[in-house]
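A short reminder: the numbers here are calculations on the coordinates, not readings from a lab. Values in this document were obtained by computation on a predicted structure and should not be read as measured data. All Cβ positions, glycine included, derive from the backbone under ideal geometry; neighbour counts span all protein chains shown.
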Amino acid sequence: MEHENLKSKIMLIISMVIFGTIGIFRKHIPLSSSMLAMSRGFIGSIFLLVYISIKGQKISFESIKRNLITLLITGCCLGFNWILLFEAYEYTTVATATLCYYLAPIFVIMVSPILFKEKMNLKKAICVLVALIGMVFVSGVVTSGFNGISELKGVLLGVSAAVLYATVVILNKRTKDIDAYERTIIQLFTAAIVLAPYNLVNESISFTNLLPMTIFMLILVGIIHTGIAYALYFSSMKGLKAQTIALYSYIDPIVAILLSTLLLHEPMSIFEVIGAIMILSATMISELTND
């Protein structure tokens with residue numbers, strides 16, 4: 001039992017580290033955010049489909065049919081969520097965009113009393129307030145006002161991505177009796193399909209201009225950051241408690257912040273550091289404590 005628990009923790013840690021590096025890769029892929037998101041969806045869903053086939057797992061089309069509407073809506077949200085997050089990386093630092101993105105759990109807490117009839121106790125209310133104040137610090141408004149339009153735009157894009165991801169989390173709570181892999185495959189593929197017409201209309205697609213390194217990194221993001229990371233993430237869940245999963249999930253933003261500073265040399269002011277601590281602490285406390 002202890003061996004299985006350790007194995008699950010290792011898989012979860014690896015998946016979180018992989019998720020934390022995606023911002024670095026995005027900075028070096030010269031494609032639009034919509035093209036990158038679409039490619040990630042196609043490559044990731046195909047990889048997961050091959051993965052479960054190798055495992056000998058059969059797809060339950062009855063379960064998919066029963067949850068189809070919800071899966072399609074969440075797939076759309078996931079696709080546009082990726083676009084907004086990748087765009088956020090373009091306008092602000094990887095660290096700032098990732099921190100704004102991690103407001104998603106706070107947004108879920110905010111709407112839970114309305115959608116799920118869950119009580120908003122004092123502790124959760126304080127966590128929400130602290131996280132929102134932290135977001136103001138991270139945005140740079142405290143130090144530069146609203147003069148840094150590009151930075152502010154990046155923050156707003158990151159927060160918007162968080163809102164969409166919170167929507168995915170909320171709607172996923174409404175899916176019933178469906179395997180995690182099946183759900184993810186449909187959502188990833190739907191995200192790619194939804195983005196395809198948008199790219200055909202708005203993007204000048206010329207595969208002849210794609211450099212070998214760009215294609216290589218694109219495949220890496222699709223297979224490693226989407227397919228393998230999700231496979232490890234979902235596989236780890238069976239052997240771990242919910243609180244353990246929540247705690248280890250904070251490896252993602254920590255890795256993103258460290259790599260942003262060490263590899264991309266993206267600076268963080270003292271206010272941004274304080275804001276980062278406030279957001280991560282508030283979200284962690286709200287997820288890891290129960291009343």
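Taking packing as the residue-averaged number of other Cβ atoms within 10 angstrom, the listed peptides 93-106, 219-232, 253-266 run from highest to lowest as 93-106, 219-232, 253-266. Helix-only arithmetic for the chain: the sum of -39500 (n - 2.57) across DSSP H runs with n ≥ 4, divided by the residue total, places the mean residue ellipticity at 222 nm at -25000 deg cm²/dmol.
The overall shape of the stretch 1-95, judged from the alpha-carbon gyration tensor, is oblate: a/c is not under 1.5, and a/b is no greater than b/c.
Apply 1/(1 + (r/R0)^6) to the Cβ-Cβ distance of Asn121 and Ile10, taking R0 = 45 Å, and write down the FRET efficiency to the nearest 0.05. In this case the efficiency is close to 0.85. Between the beta carbons of Val201 and Lys65, assuming R0 = 22 Å, the FRET efficiency works out to 0.15 to the nearest 0.05.
Tell me which label goes with the value of volume of the Cα convex hull per residue in Å³ computed from the coordinates here: (i) 152; (ii) 119; (iii) 141. Here the calculated entry is (i). Full extension of the chain between Leu72 and Ile114 gives 12.8 nm of extra length, using 0.36 nm per residue less the Cα-Cα distance. Residue by residue, the stretch 8-21 carries 3J(HN,Hα) couplings of 5, 5, 5, 4, 5, 4, 4, 5, 5, 5, 4, 4, x, 9 Hz when phi is fed to the Karplus relation 6.51 cos²θ - 1.76 cosθ + 1.60 (θ = phi - 60°); x denotes Gly or Pro.
Cα centroid separation, the stretch 209-229 to the stretch 159-181: 25 Å. The order of the peptides 175-183, 20-28 by mean Cβ neighbours within 10 Å, most packed first, is 20-28, 175-183.
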